Amino acid sequence: MLKLPGLIDPHVHLREPGATHKEDFDSGTSAALAGGFTIVLTMPNTKPPIFDSETLDLALTAASKKARCDYAQFVGAGPNNADKAASIADKAAGLKMYLDSTFGELRLDDMSLWQAHFEKYPKNYPIVAHSESRSMAAAILFAAIYDRPVHIAHISLKEEVLVIKAAKEHGIKVTCEVCPHHLFLTKDDIPDISHGNAGRDEVRPRLATKEDVDALWTNLNVIDCFATDHAPHTIEEKDSDNPPPGFPGLETALPLLLNAVSESRLTISDLIEKMYTNPKKIFNLPDQPETWVEVDENSVYEIKAVDQFTRCNWTPFEGWKVKGKVCKVVLRGVTAFEDGKILVEKGFGRNVRG
Ligand code: DOR
Ligand code: ZN
């Protein structure tokens, strides 16, 4: 049995308010605990989007009643809310900027709209950019111009990891995360994920080439965090004529990464650095006393959607055999998950920015 710190997922979509048929703070934080996460940072592309004090309260009220693990909620950058977003920074996980193709209404195409956010958002809290390829380079330029940190969400391409490496070497305050689906899947896996339903493989950023995936593994030392981008949509929605992009990931990330440890593709200390130490530092998160995760490194099992707590009822990793299982999660001295069961009530989770 191996003991890990309570893990931090800095990028999850729990769909509350507005789309609780896909997920809510109850099902989503149950999935988090089952996956070994004790803090989740939740994204603002909800309905309505979280972009000011009133909408932040909507999400935080739901979370305080329903969350079973600890959490903080991102505020989204819109065209006119730079002052408002900065004024509630103490209550938010950070500022999320959608600079590229995504799901929801929070998209900022015009770079002049980025300026007020980079000027005003407090430097001790992160700005997270959903930005791909050249818009990612633009976000890094903004970090340099305004001399403040920017965290690049879900990198997926060779060109991205190489540009981030160069930016770090020049002292620009950029950090980044990669998702398990961009480390373990390529475009070539699309037929297996699809099961004849074209929408299942839709995800932003899209699955990339083997060359891209190889470059992420080769440059793992450039990557600060593993983040799931847990983006649940129901299986009916994924198989519809207008499939929304996104994969669930909370319950598969740690087993897939432990499996990679068993294959010597990374070490346990890489895993702790990228799922605890670095996200804690980058997102300025507090200690969780008496909190840990017990995993059985030698337990081999098959990933199955029916065993998951997420409400979306599917996984792109269906049938994958992994070595490494989450056995027990202790959160603030209380056993929150053991032997496949959630043992804490709704509302046990706390706002880490509370
Ligand atoms: O695949 C994605 N799903 N990419 C995004 O940017 C948004 C996310 C979602 O919210 O479903
Ligand atoms: Zn996301």
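One residue stands out among those in the range 256-289 that are in contact with a Lys or Arg (Cβ under 9 Å, 6 or more places away or on another chain) and assigned to a helix (DSSP H, G or I): the one that is farthest from GLY6 (Cα to Cα), which is SER262. Here the range 222-239 is the region considered, the condition is being of a type in the set (D, E, K, R) and more than 11 Å from ligand 1 (Cβ to nearest atom), and the residue that is nearest to ILE164 (Cα to Cα) is ASP224.
Consider LYS165 against the criteria (1) more than 15 Å from ligand 1 (Cβ to nearest atom); (2) part of a loop (DSSP other than H, G, I, E, B); (3) not polar (S, T, N, Q): it satisfies all of them except one. Which criterion is unmet? Tallying (1) more than 15 Å from ligand 1 (Cβ to nearest atom); (2) part of a loop (DSSP other than H, G, I, E, B); (3) not polar (S, T, N, Q), LYS165 fails exactly one: (2).
Note on the range 139-162: residues that are within 16 Å of ligand 1 (Cβ to nearest atom) and closer than 19 Å to ALA116 by Cα amount to 3. Could we say that THR277 is among the hydroxyl-bearing types (Ser, Thr, Tyr), within 21 Å of the chain's Cα centre (by Cα) and within 16 Å of ligand 2 (Cβ to nearest atom) here? No; evaluated as a whole, the condition is false for this residue.
Quick check on my filter: what residues within the range 17-30 are within 15 Å of ligand 2 (Cβ to nearest atom) and either over 13 Å from the mean Cα position of the chain (by Cα) or surrounded by fewer than 24 Cβ atoms within 10 Å (Cβ to Cβ) (or both)? Give the steps one after another, and end with the answer.
In the first step, residues of the range 17-30 are kept if they are within 15 Å of ligand 2 (Cβ to nearest atom); the result is 19, 22-23, 28.
Of everything in the range 17-30, those that are within 15 Å of ligand 2 (Cβ to nearest atom) and either over 13 Å from the mean Cα position of the chain (by Cα) or surrounded by fewer than 24 Cβ atoms within 10 Å (Cβ to Cβ) (or both) turn out to be ALA19, LYS22, GLU23.
Please find, within the range 307-333, the residue that is surrounded by the fewest Cβ atoms within 10 Å (Cβ to Cβ) out of those that are of a type in the set (D, E, K, R) and in a strand (DSSP E or B).
Ranking the qualifying residues of the range 307-333, first place goes to LYS321.
Within the range 217-242, restricting attention to residues that are hydrophobic (A, V, I, L, M, F, W, C) and more than 14 Å from ILE155 (Cα to Cα), the residue that is farthest from ligand 2 (Cβ to nearest atom) is ILE235. Any idea which of THR267, THR335, THR291, THR310 is β-branched (Val, Ile, Thr) and under 21 Å from ASP201 (Cα atoms)? Within the list THR267, THR335, THR291, THR310, the selection yields THR310.
Would you please name the residue that is farthest from ligand 2 (Cβ to nearest atom), looking only at residues in the range 198-214 that are assigned to a helix (DSSP H, G or I) and basic (Lys, Arg)? Per the stated criteria, the residue is LYS210. For first residues located in the range 145-156 and within 20 Å of LEU185 (Cβ to Cβ) and part of a loop (DSSP other than H, G, I, E, B), partners that are small (Gly, Ala, Ser) and within 16 Å of ligand 1 (Cβ to nearest atom) and lie 6+ apart or on another chain with Cβ distances below 7 Å form the pairs ALA153/ALA129; HIS154/ALA227; SER156/ALA208.
Within the range 58-84, residues that are under 19 Å from LYS96 (Cα atoms) sit with their Cβ atoms under 8 Å from residues that are among the acidic types (Asp, Glu) and at pLDDT 95 or above, at 6+ positions apart or across chains, in these pairs: ALA59/GLU16; ALA63/GLU16; VAL75/ASP52; ASN81/ASP52; ALA82/GLU119; LYS84/ASP52. Scanning the range 168-215 for residues that are among the aliphatic types (A, V, I, L, M), closer than 14 Å to HIS154 by Cα and within 16 Å of ligand 1 (Cβ to nearest atom) turns up VAL178, LEU183, LEU185, VAL203, LEU207, ALA208. Considering the range 31-54, and only residues there that are of a type in the set (Ser, Thr, Tyr) and surrounded by 24 or more Cβ atoms within 10 Å (Cβ to Cβ), the residue that is nearest to the chain's Cα centre (by Cα) turns out to be THR42. Taken over the range 156-168, the residue count meeting the criterion of being closer than 11 Å to VAL222 by Cα and within 16 Å of ligand 2 (Cβ to nearest atom) is 1. Scoring PRO243 on the criteria (1) outside any loop (DSSP other than H, G, I, E, B); (2) over 30 Å from ARG350 (Cβ atoms); (3) within 16 Å of ligand 1 (Cβ to nearest atom) leaves a single failure, condition (1).
The values are calculated or read from the model by the stated rules, or taken from the named source; none is laboratory data. Since this is a predicted model, take the numbers as computed values, not measurements. Every residue, glycine among them, receives a Cβ derived from its backbone with ideal geometry; neighbour counts consider all protein chains shown.
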